[in-house]
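S.K.: Dropping a structure here in structure tokens format, bear with me for questions.
Nothing in this text is a laboratory measurement; each read-out follows from the coordinates by a stated rule. Being a predicted model, the structure only gives us computed values, none of them experimental. Backbone-built Cβ (ideal geometry, glycine too); neighbour counts: all protein chains shown.
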Amino acid sequence: MTDDLVARAQAGDQTAFRDLYHQHAGRVYALCLRLTGDAYAAEERTQDVFVRLWEKVRLFRGESAFSSWLHRLAVNVVMNEHRTTGRRERRVATAENPESLEPHVGHSTEGLSIDLERAIAELPDGAREVFVLYDVEGYGHGEIASLTGIAEGTSKAQLFRARRLLREKLER
Amino acid sequence: MNERELQDAVKGLPKSIEPPRDLWPGIQNRIGRQWWRPRWYWVTVPLAAAAALVAVLVGRSGPAAWDVAPLAGRPLLGTKPLVASGRLRVGDWLQTDDSSRALIAVGKIGQVEVRPGTRVQLIAARADDHRLALARGTIDAKVDAIPRLFFVETAAGTAIDLGCAYTLETDSLGNGLLHVTGGEVEFQTAERSSRVPLGAMVQIRPAIGAGIPYVEDAPEPFVHALATFDFKNGGARSTRTVLALARAQDAISLWHLLQRVDPSLRGAVYDRLAALLPPPAGVTRAAALVLDQPALDSYWQKIHRILFRRTVLRGVREIDPKTGTTIH
């Protein structure tokens, strides 16, 4: 199904591309939300990701799963935005509006998830990005270094810092 | 919570979170302008590069958009009528006609009411730079934030929020008035700046910027004399008129005048100011005449404090404009 949609999107079919968007929007938005810590910025980045996808989809050769390829594209879009603008948005939106983080799928630990999401959103930018990429998304420190432009050692230090801050926040 | 518990909690995070609104229309709008047509590829490459450059330049102003809602009538957001709440994006214009009004949320730090006959553009929407351009008309701004986060650009200069509420009106050329109703605003051009506190106002003019601020209850002849000095090259003659008409309540005007008159006139301005509202301890005539900034700031604090008391206690208590104490 996805392969067919991708092939049609590569041929310029906007209807297929819309269906691809609806299939993957939740995954991309969750990533953008956690990386930016800001609900408004996450919406903007999600749109940026799919606009970029529209431009790049022809380059997808099927050498990995489409979802993995899109995920990598999304990380690049968000990190490039940070590098380009040097923007450091305050993360008040998510901190004040935890409902925006509430998953739309059933989950047995929903309350804890929301607390954790809020705590992640309140982390300092560098610590949050490394934590999300390493602990949530499963990237290695080498990959994080190349994605974010920081040294591997810095990535490790940020991860340590993020985990410590999260434990402190969640214990309060 | 230990490390293991944290890792378990992370594993429980949902992989997917649906956006709070449908983002597809915005995406469709953007990609609709760039249908992929292979035979035009080499034509579109330079266009795409130009678009990327524009995106980078726009991106520097921030990603964002502010909420906007109509208060009356149908303001125009871009070229479309704003019938319900919408989003004012960087670069967007909002325009009201004679019967419409709108309310803009300034990020998360305040709001701006756009009165009838006004045209504003969102210039930047970053956490450290909330910036509107007021092309013409009137806005009422209320901001609750640390100083210098909210800016309004006009043809005459830039109003810089120092934690305040104010009304700013201007015509398309930059002739207008800034009236501060809370906190303090700085109106700045490349050449000069004016500090306008609660209870004061200042006229603005193109190519000149802000004149000398004056209090709300300043007598008309005094305001006229200031305008002559500011905008008609009044010089020594209008300076003398201002000094002769000044009251203790007009100390904020003399404080600004001190810094704008010819150095040969500073002594006369300082002496009149000191007679009307004595300087605080530590401020000397010599320091003031060379425009020593700490001395001027110290004097300003005293003037500001007294004006604040006079303004907020108006109708409740009578305040001595020379000392700021209650008159019994």
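S.K.: Under 14 Å from the Cβ of B:VAL202, count the other residues' Cβ atoms, weight Lys and Arg +1, Asp and Glu -1, and hand me the total.
M.R.: On the way: positive: B:ARG192, B:ARG195, B:ARG205, B:ARG260; negative: B:GLU169, B:GLU184, B:GLU186, B:GLU216, B:ASP230, B:ASP250.
Net charge around B:VAL202: -2.
S.K.: I would also like to ask the following. What number does the range A:2-95 give for Rg over Rh if you use C-alpha atoms and the Kirkwood radius? Write down the numbers at each step before the final one.
M.R.: Numbers: Rg = 13.7 Å, Rh = 13.7 Å.
When Rh is taken as the Kirkwood radius, the ratio is 1.00.
S.K.: Find the percent of Cα-Cα distances in chain B that exceed 24 Å, and round it to a whole number.
M.R.: Details: 34117 of 53628 pairs.
Percentage above 24 Å: 64.
S.K.: Name the residue, out of B:GLN249, B:GLN28, B:GLN111, whose mean-square fluctuation peaks in a Gaussian network model built on chain B with Cα pairs under 10 Å.
M.R.: With Cα springs under 10 Å in chain B, the top fluctuation among B:GLN249, B:GLN28, B:GLN111 is at B:GLN28.
S.K.: What whole number of Å gives the distance from the Cα centroid of the range B:77-140 to the Cα centroid of the range A:137-172?
M.R.: Using only Cα atoms to place each centre, the spacing works out to 39 Å.
S.K.: How far apart, in nanometres, would the label points at B:HIS328 and B:ARG240 be if each is projected 7 angstrom from Cα along the Cα-to-Cβ direction?
M.R.: That separation, rounded to one decimal, is 4.3 nm.
S.K.: I've got another one for you. Which residues among the range A:134-172 fall inside the zone where the amide N is under 13 Å from a point 7 Å beyond the Cα of B:GLN7, along Cα→Cβ?
M.R.: Answer for this model: A:135-136.
S.K.: Could you tell me how many degrees, from 0 to 90 and to the nearest 10, lie between the Cα long axis of helix B:293-312 and the main elongation axis, the longest principal axis, of the Cα atoms of chain B?
M.R.: 90 degrees
S.K.: Then there is this: If Lys and Arg each add +1 and Asp and Glu each add -1, what is the summed charge of the other residues whose beta carbon sits under 13 Å from the beta carbon of B:ASN2? Before the final figure, lay out the partial values.
M.R.: On the way: positive: A:ARG163, A:ARG164, A:ARG167, B:ARG4; negative: A:GLU168, A:GLU171, B:GLU3, B:GLU5, B:ASP8.
The answer is -1.
S.K.: Taking a quarter of the surface of the convex hull around the Cα atoms of the range B:224-312, what do you get in nm²? Could the numbers behind the result be given before it?
M.R.: Details: hull surface 22.3 nm².
Spelled out: convex hull of the Cα atoms, projected over all directions, averaged, 5.6 nm².
S.K.: Which trypsin sites (Lys or Arg not before Pro) does the range B:136-238 hold that lie in a coil by DSSP with at most 11 other beta carbons within 10 Å? If you can, show how the numbers build up before the last one.
M.R.: Numbers: sites: B:ARG136, B:LYS142, B:ARG148, B:ARG192, B:ARG195, B:LYS232, B:ARG237; in loops: B:ARG148, B:ARG192, B:LYS232.
Sites meeting the loop and neighbour criteria: B:LYS232.
S.K.: Follow-up. Using the C-alpha gyration tensor of the protein assembly as shown, what are the square roots of 5 times its eigenvalues, in whole angstrom, with the largest one first?
M.R.: 54, 27, 20
S.K.: Quick check on chain B: helices-only [θ] at 222 nm, where DSSP H runs of length 4 and up contribute -39,500 (n - 2.57) each and the sum goes over total residues. Nearest 500, please. Mind showing how you got there, number by number?
M.R.: Working: 9 runs with 107 residues, N = 328.
It lands at -10000 deg cm²/dmol.
S.K.: Within 9 Å, Cβ to Cβ, of B:GLY137, how many net charges do the neighbouring residues add up to if Lys/Arg are +1 and Asp/Glu are -1? Spell out each step's value before the answer.
M.R.: On the way: positive: B:ARG115, B:ARG119, B:ARG136; negative: B:GLU169, B:ASP171.
That sum, taken over residues with Cβ under 9 Å, equals +1.
S.K.: Shifting gears a bit: Under a crude label model (7 Å from the Cα following the beta-carbon direction), how far is B:VAL316 from B:TRP24 in nanometres?
M.R.: 5.7 nm
S.K.: Helix B:251-260 versus the longest principal axis of chain B: what is the Cα-based angle in degrees, 0 to 90, to the nearest 10?
M.R.: Helix B:251-260 sits at roughly 80 degrees to that axis.
S.K.: Are any of the pairs B:LYS142/B:LYS302; A:LYS156/B:LYS11; B:LYS108/B:LYS142 more than 22 Å apart by Cα-Cα distance, and if so, which? Could you put the intermediate results ahead of the total?
M.R.: On the way: B:LYS142/B:LYS302 25 Å; A:LYS156/B:LYS11 20 Å; B:LYS108/B:LYS142 11 Å.
Table pairs above 22 Å Cα-Cα are B:LYS142/B:LYS302.
S.K.: Once label points are set 7 Å from the Cα along Cα→Cβ at both A:ALA157 and B:ALA281, what is their separation, rounded to one decimal in nm?
M.R.: My value for the distance between the label points is 4.7 nm.
S.K.: Given the range B:65-211 reduced to its alpha-carbon atoms as identical point scatterers, what log10 I(q)/I(0) does the Debye formula return at q = 0.08, 0.19, 0.22 Å⁻¹?
M.R.: Each listed q maps to, in turn, -0.18, -1.07, -1.39.
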